[in-house]
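The values are calculated or read from the model by the stated rules, or taken from the named source; none is laboratory data. A quick note: this is a predicted structure, and the numbers were derived from the prediction, not measured. Heads up: the accessible areas ignore ligands, DNA and RNA and are worked out on the full protein's heavy atoms, side chains in. Shrake-Rupley method; radii C 1.70, N 1.55, O 1.52, S 1.80 Å.
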Amino acid sequence: MKKRWLSPLALIFALFLLLAACGGDDNGGENGEGGDVGDPSTDPEMIQLATGGTSGTYYPLGGEMADIISNNTDVSADAISSNASAENVMSIENGDLDLAFVQTDVVAHAVEGINAFDEPVEHVLAMGSLYPETIQIVTTEESGIESIEDLAGKTVSVGAPGSGTFINAEQILEVHDMTIDDIDAQNLDFGESTGGIQDGNIDAAFITSGTPTGAVEGLAASVDIAIVPIAQDKIDELVEAYPYYAADTIEEGTYNLSEDVETVAVLAALAVSDSLSEDLVYEMTKAIYENAEGMAHDKASFITIDTALDGIDIDVHPGAQKYFDEEGVE
């Protein structure tokens, strides 16, 4: 019987298949799900850092962070206003943005594809946690509103549909056996909310933001405000149902309050696109956490390497993770 030898063309084809099988995933770093991140050659020279409304905490703090990134990395950064968490997540997912402020609860919902998100996002990774975002239910001392139950039938701002504030309002009402339908809900931003309270057009507003919040400080300068407390048993129920919440206290003296007010908080964080390279995200993460002490904003004191992974329930960008690993953060 004659031996059958492979032709030179067949040998070349077989070798090509073998090399392709062995080549694997040499496309940059990987996130926790094994997906590729960007190549340094495709990194942008200019990055927009999406924040929130101009009267909240995200915007001024984001401006300082943008300066830090510009001064300590090879890219220029510019802070821009936005409708905050939910919009920011989708802007990253759609490729319109590379970096943004988010609430840890909202971005967790996005990755799961629940609440405001019809399907899971695939291109959004965490850079790190920043500071507690306190849920402040703001009203006036003259309103007579002293509990969550007192909000029934009242005109209440709950933020934009799908925003972090809106979801917080829904969940807090839920543990009090109430829904959005039990109030006259208004979808206003922080500045519009406090303006509406001052003008008498709304009775109260849910505001999820680091304290003190500029819009609330402005309101407190003109009227005597009150923050509606959340009872401890309801705090416990909320934390059990939604573990990304934590008990929080708005301290006496904040907004001229005469006593501490018990409430809850989520965490502010930075989210980043998986299109950015490991090298660039490493440099941005290092710049922010090593220069936070020099920022003027009150919330900068909470931005520490020790708490950088608190509340993070999604994959961390490999560049950020590399920095945290070097610093021994777990």
Checklist entry - Can you work out D for the stretch 276-316 in µm² s⁻¹ from Stokes-Einstein, where Rh is the Kirkwood radius over C-alpha pairs, the temperature is 10 °C and the viscosity is 1.306 mPa s? => result 139
Checklist entry - At q = 0.23 Å⁻¹, what is the log10 ratio I(q)/I(0) for the stretch 225-330, with the Debye formula run over Cα points and no solvent? => result -1.21
Item to check | Global form of the stretch 110-151, assessed from the alpha-carbon gyration tensor, a/c cut-off 1.5 | outcome: oblate
Next on the checklist: Limiting things to C-alpha atoms, what are the Rg and the maximum Cα-Cα separation (Dmax) for the stretch 130-208, in angstroms?
Outcome noted: 11.6, 36
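At a 1.4 Å probe radius, carbon and sulfur cover how many percent of the accessible area of the chain?
Working: 7200 of 15740 Å².
Ligands and nucleic acids excluded, carbon and sulfur give 46 percent.
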Item to check | Å² of accessible area per residue within the chain, as computed with a 1.4 Å probe and no ligands counted | outcome: 48
Item to check | 10 Å-binned pair-distance histogram of the stretch 76-234 (Cα, whole percent) | outcome: 10, 38, 33, 16, 2
Checklist entry - Beyond 27 Å, what percent of the Cα pairs of the chain remain? => result 47
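Semi-axes of the equivalent ellipsoid of the stretch 220-277: what are they in whole Å, largest first, if each equals the square root of 5 times a C-alpha gyration tensor eigenvalue?
On the way: eigenvalues 173, 77, 12 Å².
Over the Cα atoms of the stretch 220-277, the ellipsoid semi-axes are 29, 20, 8 Å.
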Checklist entry - Probe 1.4 Å, all protein chains in place: accessible area of Y244 in Å², nearest 10? => result 60
Checklist outcome for this item: Under a Gaussian network model of the chain whose springs join Cα atoms within less than 10 Å, the largest fluctuation of S85, S41, S277 belongs to S41
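Roughly what % of Cα-Cα distances in the stretch 172-273 sit above 17 Å, to the whole percent?
60
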